[in-house]
Amino acid sequence: MKRRSFVKASILTTAAGSFLPKITMANENSAKNLQEFYELRVYSLKNGQQQKLVEDYFQNAAIPALNRIGNKNIGVFTELKPESQTKLYALIPYSSWDDFLTVQDKLANDKVYLEAGQPYLNAPSTEPAYERIESSLLKAFAHSPKLQAPEQKPRIFELRRYEHASESAGKKKLEMFNEAGEIDIFKRLGFNPVFFGETLIGEFRPNLIYMVTFDDMAAHDTHWNAFGSDPEWKKVSAIPDYADAKLVSRITSTFLTPSSCSQI
């Protein structure tokens, strides 16, 4: 009787042992699937007529259509202090890779979208809706897998891009944000981060891009001063492998203000 119990227990243990890795792998895959993807578009515009045409397109056609198929929190921004005619920035979240791959087909079959977007979609070559679109595809960080839309009130946004000298430096900076706790410092100090994304496709790779938000420029300065003097940040940044000189070759900061149609 004891021998039979022992054999039975051994079989169950062996079965569980072969099954647990599969469960772990499934859980890991599920965790990965939770990470969103983002399309970041930058429209180059030559005049106010183009700007209105693109903003009207998002307000009347693109945002309603994207919302209908499940894409929420579409961001549309203009530069806070443009040097000339402003560029327009659009941020489109996707819950999965498949959502990104199928969105154009879904829009092409949406008659309401096609009708509402006609002035933009069918603008003549003599009067184009924009000069050019630059697009980047980003994958959300593991430690910040979902976009966090801030409270709807007057505010400014800072879009920051960190370029790296190599792919390995980029991965190390990702580790610094995720495992070493840099994201947690941003949240604790009240930066209200909107998203963090690794650029999979786009210009100036390898790089990562993130967005934080403030009430005004004075709040921006106060928050960054607090970040620089934060004890946890000093501890993390003092680790030799995380030195900025090794990981970040250039930082580009762009200040944005939401368009009237923006959902962020």
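The values are calculated or read from the model by the stated rules, or taken from the named source; none is laboratory data. Worth saying up front: this structure is predicted, and the values here are computed from it rather than measured. Neighbour counts are summed over all protein chains in view; Cβ atoms, including those assigned to glycine, are modelled from backbone coordinates with ideal geometry. Just the protein is used for accessible areas: all its heavy atoms, side chains included, with ligands, DNA and RNA removed. Shrake-Rupley method; radii C 1.70, N 1.55, O 1.52, S 1.80 Å.
The set of residues from the range 74-88 being in contact (Cβ under 8 Å) with a residue 60 or more places away in the chain and surrounded by fewer than 15 Cβ atoms within 10 Å (Cβ to Cβ) comprises Leu80, Lys81. When we screen Ile183, Ile201 for residues that are at pLDDT 95 or above and open to solvent by 70 Å² or more (accessible area, probe 1.4 Å), the only hit is Ile201. Annotation: of all residues in the range 111-136 being of a type outside the set (A, V, I, L, M, F, W, C) and buried (at least 18 other Cβ atoms within 10 Å of the Cβ), the one that is nearest to Glu158 (Cα to Cα) is Ser136.
Tell me yes or no: at least one residue of the range 58-73 is surrounded by fewer than 19 Cβ atoms within 10 Å (Cβ to Cβ), in contact with an Asp or Glu (Cβ under 8 Å, 6 or more places away or on another chain) and part of a strand (DSSP E or B). No, the range 58-73 has no match at all. When Met176 is tested against (1) within 15 Å of the chain's Cα centre (by Cα); (2) open to solvent by less than 20 Å² (accessible area, probe 1.4 Å), only condition (1) is not met. Take Asp221 and tell me if it is touching a Lys or Arg at 6+ places or on another chain (Cβ under 6 Å), within 29 Å of Gln85 (Cβ to Cβ) and surrounded by fewer than 16 Cβ atoms within 10 Å (Cβ to Cβ). Criteria not met by Asp221.
Residues in the range 237-257 that are open to solvent by less than 50 Å² (accessible area, probe 1.4 Å), under 17 Å from Glu158 (Cβ atoms) and not hydroxyl-bearing (Ser, Thr, Tyr): Val248, Leu256.
Quick one: is Ala245 over 21 Å from Glu39 (Cβ atoms), modelled with pLDDT under 95 and in a helix (DSSP H, G or I)? Taking the combined requirement at face value, the residue satisfies it.
Residues of the range 154-207 that are in contact (Cβ under 8 Å) with a residue 60 or more places away in the chain, within 11 Å of Leu247 (Cα to Cα) and outside any helix (DSSP H, G or I): Tyr162, Glu163, His164, Ala165. Screening His143, His164 for residues that are in contact with a strand residue (DSSP E or B) (Cβ under 7 Å, 6 or more places away or on another chain) and either modelled with pLDDT of 95 or more or closer than 30 Å to Lys52 by Cβ (or both) leaves exactly one candidate, His164.
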